[in-house]
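The values are calculated or read from the model by the stated rules, or taken from the named source; none is laboratory data. Here the structure is a predicted model, which means the values were calculated and not measured. Positions of Cβ are generated from backbone atoms using ideal geometry, with glycine treated the same way; all protein chains shown enter the neighbour counts. Note: areas computed on protein heavy atoms with side chains; ligands, DNA, RNA excluded. Shrake-Rupley method; radii C 1.70, N 1.55, O 1.52, S 1.80 Å.
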Amino acid sequence: MTIDVRTVTEADFADWHRALSTGFLQEPVLTAEQLDARRRQFVEGRLLGAFDNGRCVATYRSFAQEVTAVGGAPVPANAVSNVTVTPTHRRRGLLTRMMSRDLAVAKERGDVVATLIAAEYPIYGRYGFGPATWTTQWTVEVPRAGLDPRWSGPEDGGRIDLVDGEDVRKLGPELYERIRPAQPGAVSRNELYWQVGTGVVRFGGGWTEPFYGVYRSASGEVEGMVSYESDDNWHDKQPHNTADVNWLIAATPAAEGALWRYLCSIDWITKVKSGWRGPDDLLPLFLPDPRAARITHHADWLWVRILDVVRALEARTYEGTGSLVLEVVDAGGLAGGRFRLEASPEGASCTPAGGAAVDLTLPVGELATVWLGDESLVRLAALGRVREEREGAARKADALFRTSGRPWCPDIF
C-alpha cells in the first residue's frame, strides 16, 4: 500500500508518539499523564506523520520560533524537531517527503530560516541546512582551579540566593529576554520551556528537583541564574561530588563569574560540569588556573536553513563595509539565485543581481553556516565547498560576515 504522509490530528496523537518513542529507542508506550503533558506541544497543522496501513511509521514536528541574528534582530524561524523514521521503513524517502512539505509551507508563511538540532550530522545537509553554531562542555577540577576556598559571596556588592522553581518561572523569562538580543544564535523560549525546566510539566521519566541560584546586583536587579544538580560520591571518607549544571544565564560578566565561583565554592564539590556553553565562553578565564577547566565535549549545535536570502542577509549587521555578488545554489528550489549584498555598520541591503558578475558561488547550506558569523568563507573555499569567482572574494566576504564573538544557542529542542 502507498504510505500516506499527512498532517497529524488529535486522534492520531497517541500513535504518532508511539512512533516517535520507537524512533528514539525509548519505551514506546506512554502513560496517560505523559501523553497529556506532551499534548501541550500539539499545534494544529504543525505535526506530520507517515502512515502505513493506518500505523504511524515516521514523525515530524515544527513550531514557531525566533532566532537572534548578528546585531540582535529576532528572525522568524521554522523550528524542526521530533524527526524519526521507524527502522522498518528507512530508505523510502519519508523524511524527504515530510521535510519538503514543511519547508515549502514555512517559506509561504514568511519564515526567514528553518532551524534544528541535528542528532546525526550527515542527514540534514542534503536539505539545505548547515551547522551555524557550536557548543562546548567543560569539566572544572575545583581543587586545581586556584580559587580561594574561603570565598563566601560576590565582592561587587551583589548576592546569590537559592530560590525555588516558582521563582525561576517568575524571574527567568524577563532575564532571558534581556539576554537574548545580545547573543546571536539564541532562540525564543515560550512559557512551556520554563514549565518543563522546573518540573511543572513532565514529559516522561523521573524528575529530580534541581537547585536554583539567582545573582542580584548591588542594586537588587536580577542579572544571572543557574540550575544545577549534584551527585553523592564519597571515597575513603572524602567527598568527590560533582555539580552538574543544567543551564546558566547571565546578563553581565560579573553575574556570570559570580555564579561560576559560587558553584566551585560549594562544600564537597570537587568537579563542576558546565553543561552546554558557547565555544568562546568566559568560564576558563574566570579561574586563576584556566587549565582546571578541561573540554570534555565539543560539537555542532544549531543548524540553519535559509528560506529567504534577502531577508536573512538584511536582518543581520556587519562590522565592515563592502559589496558582494553571491550565487546561491539551492537544490531544494526555495532560496537560490544571484544576490548583491551591500553592507556597512550602518545597515545592509540585499537585492537580486540579475546578470552581474559573481564574486562567490556557494550552496545555500554554506550560506547558512556563515550567516551567524562563526565560519570562515576562506576555510570553506579551501575545502571546495565555496567557489571563488573573483580572486580574494572569500577573504573579502570574511571581513563582512565574521564576528568578534561566536554565536551560541543555549537550548536544545
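Give me the dipole magnitude in Debye, nearest 20, for segment 58-179 about the Cα centre, with unit charges on the beta carbon: positive for Lys and Arg, negative for Asp and Glu.
1060 debye
Taking segment 1-129, how much of its Cα-Cα pair set, in percent, is spaced more than 24 angstrom apart? Intermediate results must be reported in sequence, preceding the final value.
Numbers: 2411 of 8256 pairs.
Result: 29 percent of Cα pairs exceed 24 Å.
Any chance you could check the Cα centroid distance between segment 376-394 and segment 186-254 for me, in angstrom? So the separation of the two Cα centres works out to 42 Å.
Tell me the relative contact order for segment 1-94 as a rounded percent, counting alpha carbon contacts under 8 Å between residues six or more apart. Don't skip to the answer; put the middle values down first.
Details: 140 pairs, mean separation 28.1, N = 94.
After rounding, I find 30 percent.
Just check segment 167-297 against the gyration tensor rule for me: Cα atoms, a ≥ b ≥ c as the square roots of the eigenvalues, rounded for a/c under 1.5, and otherwise prolate or oblate depending on whether a/b exceeds b/c. Oblate.
Taking the Cα centre of the chain as origin, work out the dipole magnitude from +1 charges on Lys and Arg Cβ and -1 charges on Asp and Glu Cβ, in debye rounded to 20.
On the way: 46 positive and 55 negative charges, 237 e Å.
Charge dipole, the chain, about its Cα centre: 1140 debye, nearest 20.
Considering only Tyr318, Phe401, Ser349, the residue lying farthest towards the positive end of the dipole of segment 304-413 is Phe401, judged by Cα position with unit charges set on Cβ. Across the alpha-carbon atoms of the chain, the computed radius of gyration and Dmax are 23.2, 76 angstrom. Remark: segment 78-91, residue by residue, has Karplus-estimated 3J(HN,Hα) of 9, 7, 10, 8, 6, 8, 9, 10, 4, x, 6, 10, 5, 6 Hz, where x stands for each Gly or Pro and the curve is 6.51 cos²θ - 1.76 cosθ + 1.60 at θ = phi - 60°. Considered as an equivalent ellipsoid built on the Cα gyration tensor, segment 261-413 has semi-axes of 38, 16, 14 Å, the largest given first. What's the local net charge at Asp300, with K and R +1, D and E -1, over the other residues with C-beta under 12 Å away? Neighbour charge sum, excluding Asp300 itself: -3. Our helix-only sum for the chain, with -39,500 (n - 2.57) per DSSP H run of n ≥ 4 divided by its residues, gives a mean residue ellipticity at 222 nm of -7000 deg cm²/dmol. Magnitude of the charge dipole for segment 54-128, about its Cα centre and with charges confined to Cβ atoms of Lys, Arg (+1) and Asp, Glu (-1), is about 500 debye. Residues in segment 33-46 carry Karplus couplings, in order, of 5, 5, 5, 4, 5, 6, 5, 5, 8, 6, 10, 3, x, 9 Hz; the curve used is 6.51 cos²θ - 1.76 cosθ + 1.60 with θ = phi - 60°, and Gly or Pro positions show x.
Trp268 contributes about 150 Å² of solvent-accessible surface, heavy atoms of the protein only, 1.4 Å probe.
Summarising the amide proton neighbourhood of Ala118: residues at separation of 5 or more, or on other chains, whose placed amide H is nearer than 5 Å comprise Trp303. Residues whose amide H falls under 5 Å from that of Glu389, counting only those 5 or more places apart or on a different chain, are Leu360, Thr361, with hydrogens built in the peptide plane.
For every other residue with a beta carbon closer than 14 angstrom to the beta carbon of Gly204, add +1 if it is Lys or Arg and -1 if Asp or Glu, then tell me the sum. Net charge around Gly204: +2.
Rolling a 1.4 Å probe over the protein chains gives Val329 an accessible area of about 80 Å².
When nucleic acids and ligands are ignored and a 1.4 Å probe is applied, Trp276 ends up with an accessible area of around 90 Å².
For segment 360-371, 3J(HN,Hα) computed residue by residue from phi via the Karplus equation (6.51, -1.76, 1.60; θ = phi - 60°) reads 9, 10, 8, x, 4, x, 6, 4, 4, 5, 9, 4 Hz, glycine and proline entered as x.
Among DSSP beta bridges lying fully in the chain, give the percent that are antiparallel, nearest 5.
Numbers: 74 of 85 bridges.
Among the beta bridges of the chain, antiparallel pairing accounts for roughly 85 percent.
As an exercise, take the mean of 1/r over every pair of distinct alpha carbons in segment 197-262, invert it, and state the Kirkwood radius in angstroms. Numbers along the way, then the final one.
Working: mean 1/r = 0.0727 Å⁻¹.
By the Kirkwood definition, the hydrodynamic radius is 13.8 Å.
Looking at segment 201-309, the accessible area is 46 square angstrom per residue; that uses a 1.4 Å probe and ignores ligands, DNA and RNA. Using C-alpha pairs under 8 Å with a sequence gap of at least 6, the mean separation divided by the residue count of the chain gives a relative contact order of 19 percent.
Ignoring lysines fewer than eight residues from Lys271 along the same chain, the ones with Cα atoms less than 27 angstrom from its Cα are Lys237.
For segment 130-223, the relative contact order is 38 percent, taking Cα pairs closer than 8 Å that sit 6 or more residues apart in sequence and dividing their mean separation by the residue count.
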